[in-house]
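**Q** Here you go, one structure.
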Amino acid sequence: MSRFFATGSDSESEESSSADEITPKATGTTFNKQFEELTNIIKTIRNAMKIRDMSKCLEEFEQLYRAFLKSKTIVDKEGVPQFYIRLLADLEDYLNQLWEDKEGKKKMNKNNAKALSTLRQKIRKYNKDFETEISSYKEVLNCSPNVISSSSKSDDDEGVTAKSLMKKKPQEEEKKAPEASKFLKGAADEESESEGDEESEDWGSDSVDSGGESEDNEGEAASLAVVFLKKYPERKKDDRRKRHKKMEQVDEEADEEGEGEEGGWEKVKGGVPLVKEKPKMFAKGTEINNAVVIKKLNEILQARGKKGTDRSAQIELLHALAGISNENNLGEGILVKIKFNIIASLYDYNTNLAAFMKAEMWKKCLECIDELLDILFENSNMFIGENIAEDSENLAISDQPFRVRGCILTLVERMDEEFTKIMQNTDPHSQEYVDNLKDEGRVCGIIDRLLQYLESKGSTEEVCRVYLRRIMHTYYKFDYKAHRRSLGLQGETKSEQDQEESEGEDSAIIMDRLCKFIYAKDRTDRIRTCAILCHIYHHALHSRWYQARDLMLMSHLQDNIQHADPPVQILYNRTMVQLGICAFRRGMIKDAHNALLDIQSSGRAKELLGQGLLMRNMQERNAEQEKIEKRRQVPFHMHINLELLECVYLVSAMLLEIPYMAAHEFDARRRMISKQFHHQLRVGERQPLLGPPESMREHVVAASKAMKMGDWKTCHSFIINEKMNSKVWDLFPEAQRVREMLVRKIQEESLRTYLFTYSSVYDSISMETLSEMFELELPTVHSIISKMIINEELMASLDQPTQTVVMHRTEPTSLQNMTLQLAEKLGGLVENNERVFDLKQGVYGGYFNRGTRTRPRNLIKDHFQIKINSDRGHSVNAGGYTGCATAQNSCYHIGHITSRSMSKYNRILLYFVAPLASGVE
């Protein structure tokens with residue numbers, strides 16, 4: 001057997017070398033090099049396994065595989081080395097452990113996680129070629145404790161050391177563990193390898209230098225547990241135990257002696273942390289005065305923002321300094337200054353701007369601001385402000401009033417922003433969100449107290465800023481108690497009635513007072529714009545439609561809102577949506593549709609209202625822009641229900657679009673009022689199987705189809721039912737009133753649609769019949785039909801004695817309809833020819849030619865004004881005269897239009913069209 005795979009001791013190598021021929025020196029050198037290469041790679045892999053460097057493991061494993069292929073000739077002759085099998089088995093077990101550790105995998109970086117997955121797949125695939133060797137190695141591992149114990153006993157009996165054991169092969173151990181010689185490294189654990197590098201090197205060199213063993217004696221090879229294990233005699237273990245017991249006795253004696261001494265050593269039990277003493281603020285015997293405290297405060301503040309500064313410890317030091325100042329009665333001035341710095345340190349605890357405050361820090365912040373306001377209210381002679389220089393501060397107790405540099409308004413504004421961040425980063429469907437929302441009452445209380453303070457001592461600009469903060473916490477809340485009082489309702493119990501009487505003024509009065517002050521006193525456009533939008537929102541929320549509409553129109557915000565910053569634009573979008581919902585509640589369907597059109601037609605209502613980001617637009621923004629967008633989001637309790645918004649828009653579009661579609665069924669120039677509504681109709685028409693409607697959109701589409709047929713009852717059943725009530729209509733404050741309004745509108749628009757669709761069928765129809773069909777009062781039916789006749793939507797007349805509607809038949813013939821369509825196409829042809837001619841001449845659209853020429857299409861429209869109503873009523877106005885136009889005049893005008901620019905062929909076509917068009921009556 002080659003020296004490269006020798007497993008015996010030195011004595012065996014000497015004996016076997018006499019039997020077998022030694023390989024040439026050159027070949028031995030090759031073996032040594034390959035052996036060193038493999039062992040070095042294996043050592044590197046094991047080191048990488050210790051530090052969990054999967055990338056290094058993967059790289060070295062690939063090198064090991066290549067090195068093993070180089071020594072393929074030796075492996076085929078001598079067999080696979082035992083240390084190679086041992087590494088493959090250990091590496092596979094190690095990778096499986098890492099793979100099962102879910103928490104550890106999460107902590108890995110991207111490269112290590114990817115390398116772990118790749119290496120695990122490779123090692124599993126590679127180890128299939130060595131399944132028998134690896135299984136044998138693992139069996140030997142299971143029986144290794146017996147081998148180790150037996151070897152240790154034999155060592156004690158004979159008194160040999162681990163080094164002499166390597167040159168000895170007991171017969172008994174060969175019989176007990178014949179298979180262990182293939183795989184076991186020995187009892188030397190990893191600690192012994194690290195402790196004695198020199199000894200391991202000598203052991204490795206012995207194994208390399210030892211001679212080969214004959215193949216005949218391979219079956220009788222001694223156990224490798226004896227060869228590779230490093231043994232410690234039992235005497236050493238006994239000595240260690242005795243030494244350990246002595247150390248424990250010495251420690252116990254020292255503890256007993258040190259009980260009475262002060263400042264002695266304390267024995268700490270396992271698992272109980274040491275309580276560190278707080279650092280002393282001042283040396284013993286130091287006189288505490290203002291100068292010393294201010295100096296200490298400046299020392300603490302100098303460490304603020306530096307790398308390695310413990311921010312929580314800094315906050316504790318400031319609290320301790322405030323306590324010392326209070327104990328020594330140094331005055332309210334220095335206490336206020338320390339409080340300012342405590343609150344600022346709490347805000348600076350999170351270095352990341354997007355991070356929100358922890359619950360304990362948030363509570364400390366609220367307490368500190370409350371204490372600061374208490375001090376300011378108790379000391380009316382104290383002046384605080386940002387314009388006070390540090391040199392001119394007066395913190396000591398004297399006849400002069402206290403002067404402290406700082407701005408309480410800035411602290412409260414930052415507190416309000418932190419509250420918004422906490423609500424943005426809390427799961428809205430959890431109990432934690434509800435608990436955090438309860439703090440809003442405390443936040444509003446702090447703002448109210450600051451408002452009282454600044455009304456007496458603050459500037460106009462500061463008062464406007466704090467007024468806006470109060471408005472932002474009020475404008476989106478519906479005042480149910482004021483609503484009940486407006487309806488004349490009282491509380492059911494006496495306690496509720498007393499509570500309603502004891503409460504202050506309504507939110508409408510508060511909003512009116514605060515907003516009007518800002519309108520009059522504010523000098524910045526942003527605060528005034530926000531106040532106007534909040535005021536409009538509050539009016540619309542409480543169904544004060546006319547006040548909200550007039551304020552929006554008078555402010556002219558829609559003209560320049562695109563130049564405002566994104567938060568103001570989001571507020572504007574929310575206000576317009578609320579205005580549209582208010583118009584819908586009041587029955588003003590057209591106004592509601594116009595207000596909601598811009599938001600709903602974009603398809604980005606969620607993003608425009610600041611209620612979330614759309615996934616389809618995530619690729620358009622980078623990570624930084626996404627963080628900025630998330631900071632602009634509105635907290636969940638301020639959201640507008642998007643399903644309610646879409647339902648209101650679609651129902652408004654249905655009430656406008658269905659009668660219009662019926663009136664202009666055959667009009668080639670028919671326009672769409674709502675593209676989104678038409679899209680929903682097309683989606684419903686494309687469905688191969690129509691079942692009962694389930695979603696809100698399907699309900700509206702089904703109702704639209706029923707209204708198109710004039711069936712108002714079916715339309716009503718689709719719009720108002722239990723499912724739609726629970727999803728949409730019950731969310732309104734006056735749900736029953738809204739439902740009654742909807743029924744009325746559906747009846748009226750169904751009547752109009754019925755008349756547009758079926759007027760050609762009737763010669764006359766009784767208004768009483770229509771009243772019974774649509775369950776409307778007779779005056780209402782009369783009013784609707786009269787408006788249609790006046791607006792020339794219906795060609796009919798009313799017969800008052802018989803209360804009937806007499807239809808006027810003025811249907812154009814099919815030839816006339818075709819003529820009108822041909823005239824429309826020829827008008828487009830004229831315009832195209834004029835455009836081509838002008839482009840060639842270079843005079844089209846010139847500055848000096850503006851207004852000097854009439855467009856050809858406009859001339860055709862002037863001379864052939866043939867108006868068609870979809871109710872089958874037609875009137876003709878040709879050549880500026882009512883009645884029939886002569887072919888001569890028609891031909892003259894058309895020939896005049898095209899004589900310069902049109903081809904002879906086109907002019908011939910127009911001459912044929914003119915007599916046909918003039919025959920329309």
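The values are calculated or read from the model by the stated rules, or taken from the named source; none is laboratory data. If you're wondering where the values come from, they're calculated on a predicted model, not measured in any experiment. Note that each Cβ is placed from the backbone with ideal geometry, even for glycine, and that neighbours are counted across all protein chains shown. Protein only, heavy atoms only, side chains kept; ligands, DNA and RNA dropped before computing areas. Shrake-Rupley method; radii C 1.70, N 1.55, O 1.52, S 1.80 Å.
**Q** Largest first, what is the accessible-area ranking of Tyr762, Tyr546, Tyr660, Tyr137 with a 1.4 Å probe?
**A** Tyr546, Tyr762, Tyr660, Tyr137
**Q** Long-range amide H contacts for Gly385: which residues qualify at under 5 Å (H placed 1.01 Å from N, peptide plane, sequence gap of 5 or more or a different chain)?
**A** Under 5 Å from the amide H of Gly385: Val404, Gly406.
**Q** Follow-up question, since we're still on this one. Report Thr426's accessible area, 1.4 Å probe, all protein chains in place, as a number in Å² to the nearest 10.
**A** 10
**Q** Cα-Cα over 28 Å: which of Lys72/Lys102; Lys43/Lys110; Lys284/Lys364; Lys106/Lys606; Lys606/Lys723? Walk me through the numbers before you get to the answer.
**A** On the way: Lys72/Lys102 38 Å; Lys43/Lys110 25 Å; Lys284/Lys364 30 Å; Lys106/Lys606 33 Å; Lys606/Lys723 23 Å.
With Cα atoms farther than 28 Å apart: Lys72/Lys102; Lys284/Lys364; Lys106/Lys606.
**Q** Okay, next question. Any idea what the relative contact order of the range 763-811 is, in percent, if you count C-alpha pairs under 8 Å spaced at least 6 apart?
**A** For the range 763-811, the relative contact order is 43 percent.
**Q** If R0 is 56 Å, what FRET efficiency do you get for Ala291 and Lys438 from their C-beta distance, rounded to 0.05?
**A** Efficiency for this residue pair is about 0.80.
**Q** Right, here's the next one. Taking the Cα-to-Cβ direction at Asn350 and at Gln562 and moving 7 Å from each Cα, how far apart do the two end points lie in nm?
**A** The two pseudo-label positions are separated by 3.6 nm.
**Q** Same structure again: Order Met576, Met472, Met415, most accessible first, counting only protein heavy atoms with a 1.4 angstrom probe.
**A** Met472, Met576, Met415
**Q** Moving on to the next point. Given the whole protein assembly as supplied and a 1.4 Å probe, what does the accessible area of Cys444 come to in Å², nearest 10?
**A** 20
**Q** Are there any GluC sites (Glu not before Pro) in the range 588-693 that are in a DSSP loop and have at most 13 other Cβ atoms within 10 Å? List them by number.
**A** Listed in order of number, the matching sites are Glu665.
**Q** How much solvent-accessible surface does Phe837 expose, in Å² to the nearest 10, with a 1.4 Å probe and all protein chains in place?
**A** 60
**Q** By accessible area of protein heavy atoms, probe 1.4 Å, what ranking do Asp448, Asp416, Asp559 get, highest first?
**A** Asp559, Asp448, Asp416
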